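Q: Here it is, the structure in full.
Since every read-out is calculated from the coordinates, none of them should be taken as a lab result. Fair warning: this is a prediction, and the values are worked out from it, not measured in the lab. So basically every Cβ, Gly included, is an ideal-geometry build from the backbone, and we count neighbours across all protein chains shown.
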Amino acid sequence: MTDNFDIRAWLRKPERLLVVSGPCSVESERQLLETAEGLSKIKNVNVLRGGIWKPRTRPDVFEGVGEVGLEWMREAKERFGFLTMTEVATPEHVELALKHGIDILWVGARTVVNPFSVQEIANCLRGNDMPVFVKNPIAPDVRLWLGAFERLESAGLRYLGAIHRGFASFDNTRYRNAPLWEVPIELNRLRPDIPIITDISHICGCRELLQDTAQKALDLATDGFMIESHCNPDAALTDSRQQLTPKALQSLLNQLVVRIKNASNETRLQIFRKEIDIIDDEILSLIAKRMNVSEKIGEYKKEQKVAVLQMDRWKQVLDDHINKGVRLGLSAEAVKDIFEAIHKESISRQL
Ligand code: PEP
Ligand code: MN
């Protein structure tokens, strides 16, 4: 815990890492205070988060404790000296959060996709000096993310931050929300004045991936983290697989290797190289995935007594890929070489 942490000054000049932590959902007074007490022993945690109204994917499940939880947040703030932060999705949420002394707001990924909702929140905050963070929308649309900042700025808000929480996709094998690091990098290019913190909890969806993902974010010069924590994660009412105990959070933070002290010390070249490493990882896992499908096709062909190499089909696939590649600005030769190599491996898997 840091005494008198000045979030407005940090948003203007994010010189050191901001760490926001606390439960996905505020569940009870006891759960919040016990979690906050654990977090208060970690010197790097500056802000206590707590979800009061939960945007759930499916209906008829726990949707947050509502207004009463805001008083528990106030209690945690008074006892342990944290700044408090919660998610708002409607003007009513904003009014209640202000009434109960919440220090910082964030607009969630599901709300940012809707410009009407963002505008309503902005209108409700007009003339207020509240610090507001905006999560990325669930689709990788940088302009929509930018638009949310612009709406808040037009309403006079001056202390804004971004939260990168990853992007939904139909087929996520590794991450709950694919990080697509190029998106926050693009936001940073367009709006270098807006600090970006990384919500590794919602990117990963499980505890096992948190450490590596936090390191990756740090290597890409993140300005801080949002990490969900809970005094008893397995019993959490929401997001139980991704929450850490305060002790585990401490250990994760201790293990981070700070390679980049400050984004301005890092050359663009190094940041681009990190980005390339991440894309290469994605290419490798996609190729592995493709080979798994190939093997299934191989089994099917065996059962049906079909020859492994269907020359006509392969010619057509290769032509399609070359055309698509050329439209994307690649050379026909490069696309041909890459896909012939992939096809060779695929055939040998099927044999
Ligand atoms: C959350 O932070 O608990 C949350 C609901 O996040 P997101 O908006 O990223 O889904
Ligand atoms: Mn959550």
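Q: Identify the trypsin sites (Lys or Arg not before Pro) of the range 107-202 meeting these criteria: DSSP loop state and at most 11 other C-beta atoms within 10 Å of the C-beta.
A: Those that pass, being in a loop and sparsely packed, are Arg126.
Q: What are the residues whose amide H is under 5 Å from the amide H of Ser25, where those residues sit 5 or more places off or on another chain and H is modelled from the backbone?
A: Close amide H contacts, sequence-distant or interchain: Gly51, Thr238.
Q: Can you give the longest stretch of the chain with no exposed loop site, where a site means chymotrypsin sites (Phe, Trp or Tyr not before Pro) in a DSSP loop (not H, G, I, E or B) with at most 13 other C-beta atoms within 10 Å?
A: Answer from the scan: 171-351.
Q: So for the pair Arg259, Val68, with labels modelled 7 Å out along Cα→Cβ, what separation do we get in nm?
A: 4.8 nm
Q: Shifting gears a bit: Where the only charges are on Cβ atoms (+1 Lys, Arg; -1 Asp, Glu), what is the dipole of the range 247-351 about its Cα centre, to the nearest 20 debye?
A: The dipole magnitude comes to about 260 debye.
Q: State the extension gain, in nm to one decimal, for the chain segment bounded by Gln316 and Met291, taking 0.36 nm per residue of separation less the distance between their alpha-carbons.
A: 7.1 nm
Q: Between His321, His202, His164, find the one with the highest GNM mean-square fluctuation for the chain; connect C-alpha pairs within less than 10 Å.
A: Top of the fluctuation ranking is His321.
Q: Once the principal axes of the Cα atoms of the range 1-101 are found, what is the range along each, listed largest first in whole angstroms?
A: 42, 29, 25
Q: Which whole-number percent gives the relative contact order of the range 144-284, counting Cα pairs below 8 Å spaced six or more residues apart?
A: 19 percent
Q: Another one. Taking the highest mean first, how do the peptides 330-336, 16-22 order by number of other beta carbon atoms within 10 angstrom per residue? Please list the in-between numbers first.
A: Details: 330-336: 13.3, 16-22: 22.6.
Ranking the peptides 330-336, 16-22 by packing returns 16-22, 330-336.
Q: Over 10 Å intervals from 0, what percent of Cα-Cα pairs in the chain sits in each interval?
A: 5, 22, 30, 20, 12, 8, 3, 0
Q: Charges on Cβ only, +1 for Lys and Arg, -1 for Asp and Glu, centred on the Cα centroid of the chain; of Trp72, Leu209, Pro91, which one is farthest towards the dipole's positive end?
A: Farthest along the dipole direction, towards plus: Leu209.
Q: Related question: Assuming 0.36 nm per residue, please report the length gained on full extension of the stretch Glu282 to Ser169 beyond their Cα-Cα distance.
A: Taking 0.36 nm per residue and subtracting the Cα distance, the gain is 39.3 nm.
Q: What does the charge count near Arg313 come to, summing +1 for each Lys or Arg and -1 for each Asp or Glu among other residues with Cβ under 15 Å from its Cβ?
A: -2
Q: Let me ask you something else. Among Ser294, Ser28, which comes first, then next, by fewest other beta-carbon atoms within 10 Å?
A: Ser28, Ser294
Q: Right, here's the next one. Determine the percent antiparallel among the DSSP beta bridges restricted to the chain, to the nearest 5.
A: Percentage antiparallel, nearest 5: 5.
Q: Out of Gly298, Ile338, Leu286, whose Cα points farthest toward the positive end of the dipole of the range 268-351 (charges: +1 Lys, Arg; -1 Asp, Glu; placed on Cβ)?
A: Toward the positive end, the furthest listed residue is Gly298.
Q: Taking only Cα atoms and a 10 Å spring cutoff, compute GNM fluctuations for the chain and point out the largest among Lys302, Lys43, Lys13.
A: Lys302
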